[in-house]
Amino acid sequence: MEEILEIRDGCNTSGQLLRSLAFARFLNIYKQEFINDLQSRPDQRRTEADHKIDFIKKVSTRDLIKILETSEFDALDKQDKARELIRFMDGAFHHYRGSGYTRLVRLQNDVVSTGLETTQTVKDKVTDKAQRLADLILETRRQLLNKVNMDQGVRRTPGMDASPNVTAGEISGHYFNYPADYSLLAHVPLTVAADIKTGVDYSTPSNKRAKPFYELKHNPLKLGEFNIENWVSVPLQVGTSLLITFIHKSRGCIEMEPGLLNLFPFAKIEDITSNRKPDGLFFFGDPNADEKDLGYYYDQDSELLIGLVPNIDELKYFGYAKKPLLTLHNVLAILNGELPLHCGCTRYVVRFDNDIPYIAEMLIKADDMGKISLIKQQADKITRPVFCGTETGAFACLDGFSEQAKLQMAGREVGYNKDTGSNARQIVPVTEVDELYRLDPLDILLYMNNFTLIEPGENTIKADMHIEDALQHFRLGERVAAGSTQTHRGAKESSYWANPFPLLKDNNHEILHPALFEKFSENEKAFIGDMNILINRGELKVGVAHSQLMAGVYEGNTDEDLQRCDFNDRDQVEQEGPVRLANDLIELIKTSALEKRELSKTREDEINITIALVGDSRTGKSETAEKMEGILRLQLV
């Protein structure tokens, strides 16, 4: 549907549902879309189309209520009309489940004003509301079918999911401390709890990124033209940054909401109501903007970072929601003296059986992005790089995952563009909020090389490199692309520090954001000094990991190169390369745990090893983690 259905009615019976404003609006939307489709039919089918249009225009809630609650349609001469109406409504029901976009909203100011509600109790109420509405819709459909004797044979209720796409608990935006110049935004309610429908795949007008999200010299937000009725507002906690995200309610834009809710955690209620100002504002699908407004702007007067994506079909792709939000986080991190990392980061819990180490758990701290801060430790007063992640979910490209891994995602996923072939994506939860914010010092920092072939018998990890040698790989940031960006599949590209959004240097090593690059370099220099001390103390390893994920499609590798490295064909490399790296990583983790235990001069039963694998998309971060899960068998699948 071109319009979304926002439901604010409270209905308890089928009669109330059919009389509700939301149902009347849904019926009008569906009828208009059906008529538009019929009017676009070829001229030779105009007769059938015109008669169908006449029938659709006459469909009314009044007749449906009469079928449900009276015996007016029991007469033989009216039964055919009744069945025709119910067949039409059954088509509307299935369209609602498959092609519509519904948002059930409940105002939950009590979570702030009375103190009797918590985000957990609101979440419980939201889930209950979603389930009750779904059950009521199914029951209403059953009653209507039964009234016209169409509810015969087997019933398929368990497969009929009629829940809304998003059920939201909102509070008034006035509870939040927007800067004075942005006070109009307080008129948009804030979503503080939600229940999303999973197992859904959304088709968006675009399925790849082609336009950069860079710094602007002007504020792209035109508040004078901002219509508060047309936006959904979600406060997200991205790392330690509070970013209020506004999503336009039009189709092609609103579909980003469930994906974002499955990717980032909500901001805490106490942050929203404690007079804390937002660190940034992000707007997706602004109809008052054009392509020159794509990017971010730092409003110095309000001390606020503004990001915006215009309402343009080419930009209606989930990557244009996720990446700009991470860009805002990274800019704020750099300005704060921290080092953003485009990486996967995992904490491995290593235990010992008669001094023999074994990996008991692997806990994801970041799937795609995080940052390290230099923090002095209480125990020994030594400054160490401490990692903090940004997402509880993963925006996973299905191209590189096994069928078994895809099966494990089922029931938790929000998908995008599965029918487009390459670059089909799913957003799935991969970790808990608490894991993101644990203050775990890094033990190992590796750059992910996805194209260099490693010969049999050689280790795929070089973790004992000198800091300056290792940094050359991070600064060069080479990878072979999978074709999800403007670089074609199999070609090599280079991005400084694996593109910690925004891109600081391009393929030609030209500096794109001079002031930000200078600050990043300043931060890097501070980190090098402290990291070098830790390397010399044997407490930190840096180097390169070779996933070989794209080595099979890399145009620089010949068939002879592949055969020399024990690969029979190019497709085999994508699956076997990460397996080789996974096995070497397991050995490195165990060795590092033994060394860390020895350095601690205690006989600890449990050691944490935290590893960050730095790399851009399709360098093998997620794929290697999946292979490790399979090798270690930490879950029953």
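The values are calculated or read from the model by the stated rules, or taken from the named source; none is laboratory data. Keep in mind it's a predicted model, so treat the numbers as computed, not measured. Because the Cβ atoms are built from the backbone with ideal geometry, glycine has one as well, and the counts that use them run over all protein chains shown.
Some points to look at:
- Selected residue (only one of Lys596, Lys590 is closer than 22 Å to Thr624 by Cα and out of contact with any helix residue (DSSP H, G or I) (no Cβ under 9 Å at 6 or more places or on another chain)): Lys590
- Residues that are in a loop (DSSP other than H, G, I, E, B), surrounded by fewer than 22 Cβ atoms within 10 Å (Cβ to Cβ), touching a Pro at 6+ places or on another chain (Cβ under 8 Å) and at pLDDT below 95, drawn from the range 251-299: Gly252, Lys277
- Residues in the range 452-506 that are under 31 Å from the mean Cα position of the chain (by Cα), assigned to a loop (DSSP other than H, G, I, E, B), over 25 Å from Ser521 (Cβ atoms) and modelled with pLDDT of 90 or more: Thr452, Thr460.
- Subset of the range 310-325 that is among the aliphatic types (A, V, I, L, M) and within 11 Å of the chain's Cα centre (by Cα) - its residue that is farthest from Val614 (Cα to Cα): Ala321
- Residue within the range 539-554 that is acidic (Asp, Glu), surrounded by 13 or more Cβ atoms within 10 Å (Cβ to Cβ) and out of contact with any helix residue (DSSP H, G or I) (no Cβ under 8 Å at 6 or more places or on another chain) present: no
- Within the range 335-365, if we keep just the residues that are over 23 Å from the mean Cα position of the chain (by Cα) and polar (S, T, N, Q), the residue that is nearest to Asn523 (Cα to Cα) turns out to be Asn336.
- Scan the range 591-637 for residues that are charged (D, E, K, R) and over 32 Å from the mean Cα position of the chain (by Cα) and the total you get is 9.
- Scanning the range 32-54 for residues being outside any helix (DSSP H, G or I) and either over 45 Å from the mean Cα position of the chain (by Cα) or among the polar types (S, T, N, Q) (or both) gives a total of 1.
- Matching entry among Val579, Val614 (being over 18 Å from Ala360 (Cβ atoms) and in contact with a Phe, Trp or Tyr (Cβ under 6 Å, 6 or more places away or on another chain)): Val614
- Subset of the range 591-615 [over 21 Å from Arg438 (Cβ atoms) and either of a type in the set (Val, Ile, Thr) or at pLDDT 90 or above (or both)]: Thr591, Leu594, Glu595, Glu598, Gly615
- The residue list Tyr437, Tyr447 contains one member that is touching a residue at least 12 places away in the same chain (Cβ under 8 Å), of a type in the set (Phe, Trp, Tyr) and surrounded by 18 or more Cβ atoms within 10 Å (Cβ to Cβ), which is Tyr447.
- Taken over the range 111-131, the residue count meeting the criterion of being free of Cβ contacts under 8 Å to residues at least 12 places away in the same chain and not β-branched (Val, Ile, Thr) is 7.
- Neighbours by Cβ (under 7 Å, 6+ apart or cross-chain): first from the range 1-22, free of Cβ contacts under 8 Å to residues at least 60 places away in the same chain; second assigned to a helix (DSSP H, G or I) and of a type in the set (Asp, Glu): Gly15/Glu69
- Within the range 39-75, the set of residues being under 16 Å from Gln143 (Cβ atoms), surrounded by 11 or more Cβ atoms within 10 Å (Cβ to Cβ) and without any contact (Cβ under 8 Å) to a residue 60 or more places away in the chain comprises Thr61, Asp63, Ile65, Lys66, Glu69, Glu72, Asp74.
- Flag if Leu335 is under 20 Å from Phe387 (Cα atoms), aliphatic (A, V, I, L, M) and surrounded by fewer than 23 Cβ atoms within 10 Å (Cβ to Cβ): yes
Listed here are the residues, each with its yes/no results for (1) closer than 14 Å to Val105 by Cβ; (2) out of contact with any Cys (no Cβ under 7 Å at 6 or more places or on another chain); (3) at pLDDT below 90; (4) not hydrophobic (A, V, I, L, M, F, W, C).
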| residue | (1), (2), (3), (4) |
| --- | --- |
| Lys123 | no, yes, yes, yes |
| Ala134 | no, yes, no, no |
| Leu138 | no, yes, no, no |
| Met150 | no, yes, yes, no |
| Arg155 | no, yes, yes, yes |
| Met160 | no, yes, yes, no |
| Glu170 | yes, yes, no, yes |
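- Meeting the requirement of 2 or more residues that are buried (at least 20 other Cβ atoms within 10 Å of the Cβ) and either in the same structural domain as Leu503 (by TED's automatic domain parsing) or within 24 Å of the chain's Cα centre (by Cα) (or both), the strands (runs of 3 or more DSSP E) wholly within the range 148-243 are 166-171, 190-196, 231-238.
- The one condition in (1) under 17 Å from Ile7 (Cα atoms); (2) in contact (Cβ under 8 Å) with a residue 60 or more places away in the chain; (3) not aliphatic (A, V, I, L, M) that Asp201 fails to fulfil: (1)
- Test result for Glu623, in contact with a Pro (Cβ under 7 Å, 6 or more places away or on another chain) and over 21 Å from Pro385 (Cα atoms): yes
- Any hit, the range 538-558, residues being among the polar types (S, T, N, Q) and more than 18 Å from Pro578 (Cβ to Cβ): yes
Residues checked against (1) in contact with a helix residue (DSSP H, G or I) (Cβ under 8 Å, 6 or more places away or on another chain); (2) at pLDDT 90 or above; (3) farther than 19 Å from Arg132 by Cα; (4) assigned to a helix (DSSP H, G or I):
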{"site": "Phe23", "(1), (2), (3), (4)": "yes, yes, no, yes"}
{"site": "Ile56", "(1), (2), (3), (4)": "yes, yes, yes, yes"}
{"site": "Arg62", "(1), (2), (3), (4)": "no, yes, yes, yes"}
{"site": "Ile67", "(1), (2), (3), (4)": "yes, yes, yes, yes"}
{"site": "Gln79", "(1), (2), (3), (4)": "yes, no, yes, yes"}
{"site": "Ala82", "(1), (2), (3), (4)": "yes, yes, yes, yes"}
{"site": "Met89", "(1), (2), (3), (4)": "yes, yes, yes, yes"}
{"site": "Phe93", "(1), (2), (3), (4)": "yes, yes, no, yes"}
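- Filtered by the rule that a residue be without any contact (Cβ under 8 Å) to a residue 40 or more places away in the chain and of a type in the set (A, V, I, L, M, F, W, C), the range 361-381 gives a lone residue, Ala379.
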